[in-house]
Amino acid sequence: MTNPPFFIAGTGAALPGSPVSNDEMAEVLGVSPQWMELFSGIRCRHLCWDPATGDLTHSLADLCEEAADAALNAAGLSPSDLDFLILSTSTPDTLLPTTATVAADRLGLKGLPVYQLQAGCSGAVQALEMAGALIAAGRRTGLVVGGEVTDRFLDISRRPAALPGDDSAGCLLLGDAAGAAAITADPVGACLAVSGLVHRFEGLGRAPGRIVDWNGAGQAGPGRRMLYEDHEAVGACVPALAVDVLDAVLAGVDWQWAEIRYLLPPQLSGRTAERFAAGLGMEGPHEISCVAETGNAASALPLLQLDRLAAEAEEGDRAVALVVEPSKWIVAGLALERVRPAAP
């Protein structure tokens, strides 16, 4: 858990292009749009490439730069105020140079530490945990960014409908996005206090629930799957793991369920979020979800949810954010509270 708390002073989001509907995506994937929504609960997504031609329109660095600029503007900060940058992604533009350093260059940063974490849904919380440690060590202001792009996994010349079932189904869930949060040691700006943080590995002895192969469609070999998800394991395990981490977050800050105004549930798919909310009863907290409109953009999703929370929450409101990454079963959670900014 975090002690002392640190603060999210501003948030930002970047979604490439116009929303791509299930009708449009069905043309690319060769499946029924009705089945797509029934299976995934996703109505549309944003893509960094043109579904009609396959041409790339945005890189991950483009999206991360846009989200970072938005977060800094929301916080009333400039790049010169930053003491560190942390970027999380499972789909970097290149292995080297890291997308984090490319984004730092575009932002005009110099002479400060820049980190990149290789992670999926849990990456944003892992980055926030690292940011909290840097703040506790004496840094004052930093930037956390998370983003994903799908261009190497969705190849319109090789219809996903022709792939093995679990591979093709995974393609239906994806979307491209980036989110960012400006992190401060003092309560300034939008001012969400991170009062508690849980992050732990639960994959001992468990088979991976999701595999994303770096080589993608271009170098898929015999027995090598570019994108795989064990939907049965995800459906069976995610709700229980999310409840466990919810209990851990609340216990860590000594909050009661009745005090929670907002719940940010896991965003693996629209159906997963619905099942978790239904199983929990969802009595009281207002749900903040985005996956049905953005697709599964992994590292970006918790930050996109935080961006929506920052726009809605009022002073004194408490929120809990929950993440379950099924790749090798990582769980994470945040306790958040809207607090009054410090006087200038």
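Only the coordinates and a few stated rules stand behind these numbers; no lab work does. Being a predicted model, the structure only gives us computed values, none of them experimental. Note that each Cβ is placed from the backbone with ideal geometry, even for glycine, and that neighbours are counted across all protein chains shown.
Below is a table of values for the structure above.
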item: Fully extended contour minus Cα-Cα distance, from Glu287 to Leu38, at 0.36 nm per residue; result: 87.6 nm
item: Length released on extending from Leu56 to Glu259, taking residue separation times 0.36 nm less the Cα-Cα span; result: 68.6 nm
item: Residues with amide H under 5 Å from that of Ser195, placed H, sequence gap 5 or more; result: Ala335, Leu336, Glu337
item: Relative exposure of His286, His231, judged by other C-beta atoms within 10 Å (fewest first); result: His286, His231
item: Segments 31-44, 63-76 sorted - mean Cβ within 10 Å per residue, highest first; result: 63-76, 31-44
item: Ser299, Ser21, Ser269 arranged by Cβ crowding within 10 Å, fewest neighbours leading; result: Ser21, Ser269, Ser299
item: Ordering of 188-198, 48-58 by packing [mean C-beta count within 10 Å, highest first]; result: 188-198, 48-58
item: Three semi-axes of the equivalent ellipsoid, the chain, Cα gyration tensor, whole Å, largest first; result: 31, 24, 18
item: Amide hydrogen neighbours beyond the local backbone of Leu87, cut-off 5 Å, H modeled; result: Tyr115, Gln116, Leu117, Val145
item: GNM flexibility winner over the chain from Gln267, Gln116, Gln256 (Cα, springs under 10 Å); result: Gln256
item: Residues Val149, Val28 arranged by fewest to most Cβ contacts within 10 Å; result: Val28, Val149
item: Residue with peak Gaussian network fluctuation, the chain [Cα springs, cutoff 10 Å], from Arg45, Arg206, Arg139; result: Arg206
item: Cut-off under 5 Å, modelled amide H: who pairs with Leu227 long-range; result: Asp213
